[in-house]
Structure formats: C-alpha cells, structure tokens
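Below: one structure, written as structure tokens.
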Amino acid sequence: MDKKRLVMAIVVVVGLLCSVSFAGGPLGPPKALAAPGKWLVDVEYAHESVDLKACGKINSLYDSSWVSDDSRFKIEDLRSNMFFGSLTYGLCENWDVFVRLGAADAKDDVKPATDEGYGEKWAYDGSYGFAWGVGTRATFCQCGPFTFGAVGQLTWFNPGSGEDTFAYDANDTMTAEFDASWHQLQLGIGGTYQADGWWIYGGPCFFFVNGDLDLDATETVTGEGAGTYPSKGTLDLKEKSEFGGWVGVGCNLPKNATCYAEAQIYGDGWLVGAGVLFPLAVP
C-alpha cells in the first residue's frame, strides 16, 4: 500500500466523521424563554448544507518515515437532517438552560484538497446517529418591544466505531475501521422584536468544531502483490471559528405554545430550521 492510498482511506473516514459532526441545530431567539422555575419542551427540525475543509495528522505503518502534519481534505455539499427534543428550565427572570437529545443523518462528497494522483471522489450516505447537547439563553435588557440577549449551545456526537470498504479495482480493496468523538459550539447574540402575537429575531453568530479520530486501515490485494497491508492513522479535526448570521420569525399558538422558524447563513454553508415550544406542567 503506498502513501497516496493511505491518504485516500483517511479521506473516506474523514467524510464519515464530518458527515455528522458538523450538523448543528436551530438557535432560536436570543433571549430567555422559560419563566423562573418553569419548564418548556421544544421539538426541533433542521436541514443543513455546507462545504467544509478538514486537516490533521496521518501516521503510516507501511512507511514509518512518512508522517504528515498538514493533510487537507474537502467535504463538499454536506447535507444533514436533524431532529431534536429539548427540555428548558428557567433559572431566574432572564436566564434559562436546556438539554437536547436527538438524531442526525448526512450525505456528502469527499475528496483531497490537492490532487493526490487518483482523482477519486466519494459519496457518503449516512444513516441517523445519536446526538445530544446543552445550552443556555439569557436576556440582557428590554426596551419597549425590543429585547436584546444571547444564546449558546454545545452539541456532542459520539457514534462509536464504524467501518467502510471501497475498491480501487477488482483485486484491490481498502477497509477502514475508526473510532471518533467530537463536539460543536454555536453562539449568537442579537435582538428580538415582539409584536402582537408574533416576533422576529436575529443577529451575528459563529460556530466551532473539534473532533478526534483513531484509524485502523487494511488494504487487501488478491492479484499481483497479493497480501494484506495494515496501516494506522491518527487524525485531529479542528474547524476554525466561522462567523455568520441568523434570522427567524415566531408566533404564539393556543395554550401558551409558540413556534418559530429560522435561517443561519455562514461563509461556506446555510441552515434552515423550525421548532415548537410547549409549557410543561410539573406538579
């Protein structure tokens, strides 16, 4: 197995990792939503499309003298559907916290950021995986119908180990086993305008992603040069903070429920999402 083919194996695994790890979620309005001592249940959906870059470190057992500290890959047109349920509690008049549980799927195309000599481009169609997170919202001040505040959330993705196999030709296949964990931080600060029965909100926001990956890859050759060639790789994925903005609209529903829909726009992607909030009566 040559070094370029090990890079190709890493590309596939990076695609599997990034296909879920960069899925975020709706931010909602930048203000406290739950009254002090009260609970809210939030049901959310979001769809995301984004182009990303991945870089990290690769170690080859086939050629121990080769260690790459700056391998770069493109994750093109990452598309994810996300479903979350969250529980919000009002800590005080202008501050609440929430925890969310859910699942996300993903589809994307993955290829090296530079020409590695093969021209491969992989498509990944991932099933739903577990996701969970925590967050908080705060109201800073209110002036008439305008409210100013912030929202922040941290989401973890940890599906455990996985495997993917692809073929260079009929006599040469690569199997990659990996174990990964990662988290994504989203922060937004902005304002909300409250009218009679409806409201709009928005402001600047940014996200940051950090992930870890351990790789164990094996190439199996049945033709010329038959044999199995194991390799191991360690890859740290870090996405630089990316700034953007988000805007949303909401309205009041019967029985003190509310609904909202929003769009997030970043330099390399976008997200649309919606949610419905219900008050939870706790004895």
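The values are calculated or read from the model by the stated rules, or taken from the named source; none is laboratory data. Fair warning: this is a prediction, and the values are worked out from it, not measured in the lab. We place every Cβ from the backbone using ideal geometry, glycine too, and count neighbours over all the protein chains shown.
Just one of the listed residues (LEU52, LEU27, LEU61) is closer than 21 Å to VAL249 by Cα and either touching a Cys at 6+ places or on another chain (Cβ under 7 Å) or at pLDDT below 55 (or both), namely LEU27.
Taken together, TYR118, TYR124 contain a single residue that is assigned to a loop (DSSP other than H, G, I, E, B) and at pLDDT below 85, which is TYR118.
Are there any strands (runs of 3 or more DSSP E) wholly within the stretch 168-282 with 3 or more residues that are surrounded by 13 or more Cβ atoms within 10 Å (Cβ to Cβ), among the small types (Gly, Ala, Ser) and modelled with pLDDT of 75 or more, and if so which?
Per the criteria, 172-194, 227-252, 269-280.
Right, ASP105: of a type in the set (Asp, Glu), modelled with pLDDT under 80, crowded, with 16+ Cβ neighbours inside 10 Å and more than 30 Å from GLN194 (Cβ to Cβ) or not? Criteria met by ASP105.
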